[in-house]
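Reviewing the structure listed below.
A short reminder: the numbers here are calculations on the coordinates, not readings from a lab. What you see is a predicted model; the values in this text were computed from it and never measured. When we count neighbours, we look across all protein chains shown, and the Cβ atoms used for this are built from the backbone with ideal geometry, even at glycine.
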Amino acid sequence: DAAALQGLRRGRLRIAAVTTTEYFLPDLLGPFARQYPGIEIELAVENRNAVVARLERGDDELAAMMLPPSHLPLALWPFLENPLVIIAPAGHALTRRRRMKLAELAAEPLLAREVGSGTRAAAEQAFAAQGIDWPPRMALGSNEAIKHAVRAGLGVAVLSRHTLAPDPMTEGLAVLSVAGFPLRRQWHLVWRKDRALSLPARTLLDDLRARLQVKMQPMGWVAPGASSPPT
Ligand code: PGA
């Protein structure tokens, strides 16, 4: 109705997103952004701990992340699978192994994201669950820096499959076959239940719910979470 339209004519929508979602989130926002040109979208791209701090302060209405904190009253919509894979340089001897044991791989130098990264936390949890002590040889502050370092032969790394090209060979990288991998994790869109969502935020959620499945499937290796956002 007219009042609702007015609420979408101008305004601001603040969203926080963990770094790994930068590979597809701007794309997902496209149709909403084109339909409501008067809504200024601010997308903050940070690591997991920085996004948690933003949620604590209430900086953003929506956040996209794999590991939502349990100490805040959050609504969670698992909207997309986030498989975590182990990568090595293309052509590395390990790429010929099948279903390698994680414990065998742990002799390789591990390249990890910085402390505060959800990707790093999820990898550490998985290692600990198997009783494997595999401290990083090097910490790098971005997914792209890790890809370059792996390609340069400095080590192997756990990264979201979404950070890689559909065919990682084109980037000089290979996904290793390791028992228990990919780790099957999910990204959630989250928002604080103790705050009312603005009309732009609700409209964006409806838009994503309507389009997500169709949008992500052509990429082949993505199985979207087909669930609906909680209301
Ligand atoms: P991050 O992302 O490693 O950039 O913190 C983690 C996530 O996917 O939630």
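Here are the numbers for the structure shown:
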| quantity | calculated |
| --- | --- |
| Of the trypsin sites (Lys or Arg not before Pro) in segment 1-107, those whose Cβ has at most 16 other Cβ within 10 Å and which sit in DSSP loop | 10, 97, 98, 99, 101 |
| Mean separation of Cα contacts under 8 Å (6+ apart) over length of segment 83-184, as relative contact order % | 53 |
| Principal axis dimensions, the chain - Cα atoms, whole angstrom, descending | 64, 36, 27 |
| Net dipole in debye of segment 83-184 [+1 Lys, Arg Cβ; -1 Asp, Glu Cβ; about Cα centre; nearest 20] | 300 |
| Relative exposure of 117, 70, 177, judged by other C-beta atoms within 10 Å (fewest first) | 70, 177, 117 |
| Dipole magnitude (debye, nearest 20) for the chain, charges at Cβ of Lys, Arg, Asp, Glu | 360 |
| Sites residue 95 and residue 165, calculated FRET efficiency, Cβ-Cβ separation with R0 25 Å, nearest 0.05 | 0.95 |
| Most positive-pole-ward Cα, 93, 169, 143, against dipole of the chain from beta carbon charges | 93 |
| Formal net charge of residues neighbouring residue 131 (Cβ-Cβ distance under 13 Å; K, R +1; D, E -1) | -1 |
